[in-house]
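Please treat every number below as a calculation from the coordinates, not as lab data. Here the structure is a predicted model, which is why all the values come from computation and not from measurement. No Cβ is skipped: glycine too gets one built from the backbone with ideal geometry, and neighbour counts run over all protein chains shown.
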Amino acid sequence: MAAVKAQAAGRPEAHGVVIRFAGDSGDGMQLTGGQFTEATAMHGNDLATFPDFPAEIRAPTGTTFGVSAFQINFASYEVSTAGDELDVLVAMNPAALKTNLNDLRSNGLLILDSGAFTGRNLKKAGYGASPIEDGSLSGYQCLEIDVHKHVLDAVAAFDLGHKNALRCKNMWVLGLLMWLYGRDRAPTIEGLEEKFASRATIRDANIAALNAGHAFGETAELPPAFPAVEVPPASTAPGLYRNVTGTEAMAWGIAAAGQLSGLKTVFASYPITPASALLHALAGMKQFDVVTFQAEDEIAAAGAALGASYAGSLGVTSSAGPGISLKAETISLACSVELPLLIVNTQRGGPSTGLPTKTEQSDLYQAVFGRHADTPLVVLAPCTPSDCFDAAIEAARIATRYMTPVMVLSDGYLANAAEPWQIPSIADYDGFKVTFHAERDGFHPSLRDEETLARVWVKPGTDGLEHRIGGIEKSYDTGDISYEPANHQRMTDVRAEKIERVRQVIPPLDVALGEKQGCLAVLGWGSTFGAIHQAVKRARDDGQSVSHIHLRHLWPLPGNLGELLRGFEHVLIPEMNKGQLLRLIRSEYLIDAKGLNKVAGQPFKIVEIECGIRDALANARGDNE
Amino acid sequence: MNAPARIEVKPKDYASDQEVRWCPGCGDYAILKAIQKVMPTLGVPRERTVFVSGIGCSSRFPYYMNTYGFHTIHGRAPAIATGVKLANPELDVWVITGDGDGLSIGGNHMLHVLRRNVDLQVLLFNNEIYGLTKGQYSPTSQIGSGSPSTPEGSVDNPLAPCTFALGAGARFVARSIDTSVNHLGEVVSRAHAHKGASFVEIFQNCNVYNDQVFAYFTERNVAADRQVVVCHGEPLRFGAEGEKGLRFNLERFALEVIEPGKNGATDADVLVHDERNQGLAALLAAMKGPDLPVAIGVLYCAPGPEYVSGLYAQREQVQATRAAPDLDAVLRGGHTWTV
């Protein structure tokens, strides 16, 4: 493979680069981005990605609403977001240029496939005149290449026909970018060999296009604005690494939870964007004791998961916001009968169909409060794609220990984004083997553990412990139906107290960055971790008294959160909703926190949070004057 | 399958210690008694038996059975029961539901549990009324049913439960009557023996809100003339002396009542019941008065692929082709690198 090895020697160094590949939904931008990510990870850079694609499966070609994009930020330093401004934009057609140019930094590199800038495509994208000719791109380093022509030449030998030949465009562009940044093509070639194992011609044509794009870089004597650069590997903790998306990590975490608990897992779900990928991932893991079930609707998915928990398995259901609404009645039943249930909510832009492929954090209220009656449960939020693995395990641990539903709040960004992950060993995780109740003496279905208040879990099939449970209120003392007023008070109280006691296993919260007291705490939850972290870091580098606090446990909140927040004069809460954690914090702790809210279907940029911090600090100074 | 641990139990061993709270005179009492009577004959230990119900009068049933029981959510029992079977296919699962629970709010789940053919028994108590919510008309109420929500009478068409079940792809469809303890026991026993989803419609009298709604064919003095008790391989005959029979009229493509020996009809004209014939089952399920008798018994029984066993068989096939489950290996699959 020496011929395709990266060539780093003698190149100027760059330390961090943000690239976005943008093209038609059918142009294969996600595949291109994924392959570039793989090669970049192998190169040893730290990285974060942001796939951003339309809800339409095959939108009409050339339209602005059919543009699919993949962004990667890679560097020789620690990376925690997919990057704010683009250093490089690859636009495969006029629509991709139009919808993405705003994010390219001034004097950034713009690579255009001039072969796609036809009159028809320009018109579809809403351009009166070609931006290549009208001078509107003068603020950028623009490289126009007729990729159409180059690809057709590169794959001419394979006789694919015009249309199929052009489908190799993305590999040609990938080859060029790999040359520019000295990436190794070997993993991509292996990937293509695997993907097209049964279609040798397509495989060879794609590899030829990849190599041709690379050769173009080497031989075309690109203008000085396009130096081939080397981004040296990041200094990361030693160990074995891989790339992982939030969906993969969640799926593996669910499988790990089954092993650690010693339970069969029944995963019941109904297709919904962006949560379906989790069902797909687990359906492909049949060697594990994870049974997947595509139910007839969201309600049935929750019901089947709860039925499985009743029968002694770990029941898991998954959806996005609208589907979680449909599951709400079943989740309340799970609270009432006190059975474990895992609910994974991959949040998306809402309400209703909203922005199904875009990200948002607007289901926090629904998670904490969104059911009938007093039905507190446990809510957790992973903060990075790889953290989904640990969150799934912790959710199962709490659900089985406390006999309660636990909701995990992921989101569209976490689910699709990838990051390098130091691969853990399952042996590093404490097991939490479930022991079912089997003692006949003194048994009744409302029996509780004194410490956790968890109700007994009896596996149907256990001789001598036949019993009934249900949604009607149950006697605290016998488990039989009871309409006694005092009993209902007691049962409602004990179910709430049980969730309070989950705090016993929530470690005290520490700051993620900075001192434990100061002028400003920036409090976040979930997928905003990376952007907040970098913004706080920059403010601190600038000498500001700012700390980052990040919540994984959203309900119950960590026992020391109030005390921690009171160590700061001001609290700023950035979130991708209209202020849901903000209200929760204000009502729980009577702290005059301020919100920084973005609901644009896109993750926060670091600079947006930096501005929020700057404003908050300016206001704080104003307050003090 | 484990060998049954205890089968010496008697009907009373299947009665829980809970006070039964149905209205005095409710048809549910007779059904409860019939089920408690048949259970010891089925060869399944109590601890492997699970009753799952939704909401409504009928759905209180599990509380009165000394087995495992789960009283769940309005309409959702088929979905929850499916989860129970997915978790543990060894459990013997019964779904207890009513016409509102199973065919209105839970119609979708009923459709799919039957279509998938999950190995469980659905006992649908049809009283053509909402009882527990105090007497509103239900999806099986006849047109013109007066109720608190339809004071001038309902105007919408009723659903025929067995026709629905056949349409959903159910492979076992049967009918019985609350007070026909022996017949109900036989039908339930057949339903239990069937591998796959068994659908049993039980005509159940609600003596408070819809009293005597089935009397036109269940009353002792009319039953012989207005019911045909179907039996596989037997002629479809009814009447006090078995003097009437059902014939297929090819011109009208419909069933009709004949009396062999009269008007040129002969014994040979009487159809013989074939419970494997879905077309015949559909015709029988659709019969209702006044021109045709109501069919009681096993209308259709044609076993076919069962969902949960199919799902587990597929898992085993896949497992045979893959390495033993090793999560560490999965995490290390694909491209990795060492720092």
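Odds and ends about this structure:
- Neighbour net charge for A:T81 - beta-carbon separation under 13 angstrom, K R +1, D E -1: -4
- Out-of-range pairs (alpha-carbon distance over 21 Å; input A:K474/A:K498; A:K149/A:K169; A:K124/A:K195): A:K124/A:K195
- Loop-located chymotrypsin sites (Phe, Trp or Tyr not before Pro) in the stretch B:240-333 whose Cβ has at most 10 other Cβ within 10 Å (DSSP): B:F253
- Of the residues B:G75, B:L250, B:A313, the one whose Cα sits farthest toward the positive end of the charge dipole of chain B, with +1 on the Cβ of Lys and Arg and -1 on the Cβ of Asp and Glu, is B:A313.
- Scaling against 2.2 N^0.38 Å puts the C-alpha radius of gyration of the stretch B:279-331 at 2.32.
- When the Cα positions of A:A125, B:V200, A:T452 are compared along the charge dipole of the protein assembly as shown, B:V200 comes out farthest toward the positive end, with charges on each C-beta of Lys, Arg, Asp and Glu.
- The Cα trace of the stretch A:365-450 gives Rg and Dmax of 16.9, 52 Å, the first to one decimal, the second as a whole number.
- For the stretch B:245-253, backbone phi angles converted through the Karplus equation (6.51, -1.76, 1.60; θ = phi - 60°) give residue-by-residue couplings of x, 9, 10, 8, 8, 5, 5, 8, 6 Hz, Gly and Pro being listed as x.
- Counting only Cβ charges, +1 for Lys and Arg and -1 for Asp and Glu, the dipole size of the protein assembly as shown around its Cα centre is about 740 debye.
- Mean-position separation - Cα centroids, the stretch A:30-76 and the stretch A:504-577, in angstrom: 30
- Candidates A:I202, A:H15, A:I532 compared by Cα position along the dipole of the protein assembly as shown: farthest toward the positive end lies A:I202, with charges placed on Cβ.
- For the stretch A:448-531, the C-alpha radius of gyration divided by 2.2 N^0.38 Å, with N the number of residues, is 1.73.
- Loop GluC sites (Glu not before Pro), the stretch A:168-201, which have at most 14 other Cβ atoms in a 10 Å radius of their Cβ (DSSP): none
- For peptides A:216-223, B:76-83, sequence by mean Cβ density within 10 Å, most packed first: B:76-83, A:216-223
- Principal semi-axes in Å for the stretch A:444-590 [√(5λ), Cα gyration tensor, largest first]: 43, 15, 13
- Distance between the C-alpha centres of the stretch A:586-613 and the stretch B:108-174: 51 Å, rounded to the whole angstrom.
- Reachable aspartates and glutamates from B:K244, criterion Cα separation under 13 angstrom, eight or more residues apart if same chain: B:D225, B:E256, B:E259, B:D267, B:D269, B:D291
- Here is the list for the stretch A:190-255: trypsin sites (Lys or Arg not before Pro) lying in DSSP coil, each with at most 12 other C-beta atoms within 10 angstrom of its C-beta, are A:R199.
- Short-range pairs are left out: with C-alpha atoms under 8 Å and at least six residues apart, the relative contact order of chain A is 12 percent.
- Hull volume in cubic angstrom per residue (convex hull over the Cα atoms of chain A): 172
- Percent of alpha-carbon pairs separated by more than 23 Å within the stretch B:24-167: 36
- The spread of Cα positions in chain B, taken along each principal axis and listed from longest to shortest, comes to 93, 47, 47 Å.
- Of all DSSP beta bridges in the protein assembly as shown, antiparallel share, percent nearest 5: 35
- Under-5 Å amide H pairs with B:M65, H placed in peptide plane, nonlocal only: B:S16
- Volume of the Cα convex hull of the stretch A:229-286, divided per residue and given in Å³: 135
- Anchor A:K594: lysines whose Cα lies under 17 Å away (excluding residues fewer than 8 positions away in-chain): A:K578
- Size descriptor, Kirkwood hydrodynamic radius, that averages inverse alpha-carbon separations across the stretch B:210-314, Å: 15.1
- Net charge contributed by nearby residues that have their C-beta within less than 11 Å of A:K124 (K/R +1, D/E -1): +2
- Chain B - share of DSSP beta bridges that are antiparallel (%, nearest 5): 35
- The amide H of B:N205, built 1.01 Å from its N in the peptide plane, has B:G27, B:D178 as neighbours under 5 Å, considering only residues 5 or more places off or on other chains.
- Within the stretch A:18-143, the ratio Rg/Rh, alpha carbon atoms throughout and Rh by Kirkwood, equals 0.98.
- Estimated purely from DSSP H runs of n ≥ 4, each contributing -39500 (n - 2.57), the mean residue ellipticity at 222 nm for chain B is -8000 deg cm²/dmol once divided by its residues.
- Calculated [222 nm] ellipticity per residue, helices only, for chain A: -11000 deg cm²/dmol; basis is -39500 (n - 2.57) per DSSP H run with n ≥ 4, divided by all residues, nearest 500.
- Neighbourhood charge, 12 Å Cβ-Cβ cut-off, centred on A:A593 and excluding it, Lys, Arg +1 and Asp, Glu -1: 0
- Of B:N126, B:N210, B:N221, the one that fluctuates the most in a GNM where chain B has Cα springs shorter than 10 Å: B:N221
- Distance between the C-alpha centres of the stretch A:484-501 and the stretch A:318-376: 23 Å, rounded to the whole angstrom.
- Shielding by partners, peptide A:287-298 (average Cβ within 10 angstrom, other chains): 5
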